[in-house]
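The values are calculated or read from the model by the stated rules, or taken from the named source; none is laboratory data. Computed from a predicted structure; not experimentally measured. Positions of Cβ are backbone-derived with ideal geometry, glycine not excepted, and every protein chain shown enters the neighbour counts. Note: areas computed on protein heavy atoms with side chains; ligands, DNA, RNA excluded. Shrake-Rupley method; radii C 1.70, N 1.55, O 1.52, S 1.80 Å.
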Amino acid sequence: MSYRVGSTDLVPEGESLLVSASDSGAAEDIAIFHAEDGNFYALQDECTHEVASLSDGWIEGCSVECPIHSSTFDLKTGRVQCMPATVDARIYTVNVVDGVLELDI
């Protein structure tokens, strides 16, 4: 299933966008990130360590740092790069079609 998020302009480079489960029909909230490599990536929004929104985190390169306990996740793979998290985040595919972000859920 694909969900049309909106224009790529909604997520400037180095920023993120929260897509709520109630809007997208997904089982969980999803964070879309516009990484410094110019690509868009999506992860589950909730940090796997404790309840915190990754969309509120800090993007550096192709990683996002949780805003509460500083766990870091690779945006491409969802892999934990820095503890205290030990469980990888789920990733989602983001496609850009004619300037519109589409999220595969």
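Suppose every Lys and Arg Cβ carries +1 and every Asp and Glu Cβ carries -1, with no other charges. What dipole size does the chain come out with about its Cα centre, to the nearest 20 debye?
Value, rounded to 20: 240 debye.
Calculate for the chain the 222 nm mean residue ellipticity that helices alone would give, adding -39,500 (n - 2.57) per DSSP H run of length 4 or more and normalising by residue count, nearest 500 deg cm²/dmol.
Value at 222 nm, helices only, nearest 500: -500 deg cm²/dmol.
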Rounded percent of accessible protein surface that carbon and sulfur make up, the chain, 1.4 Å probe: 46
Ordering of 22-31, 77-86, 44-53 by burial proxy (mean other Cβ atoms within 10 Å per residue, highest first): 44-53, 22-31, 77-86
Förster-model FRET efficiency, 22 Å R0, R4 and S53, C-beta, rounded to 0.05: 0.50
For the range 1-67 versus the range 74-100, the gap between their alpha-carbon centres in whole angstrom: 8
Accessible area (Å², per residue) of the chain, counting only protein heavy atoms and a probe of 1.4 Å: 52
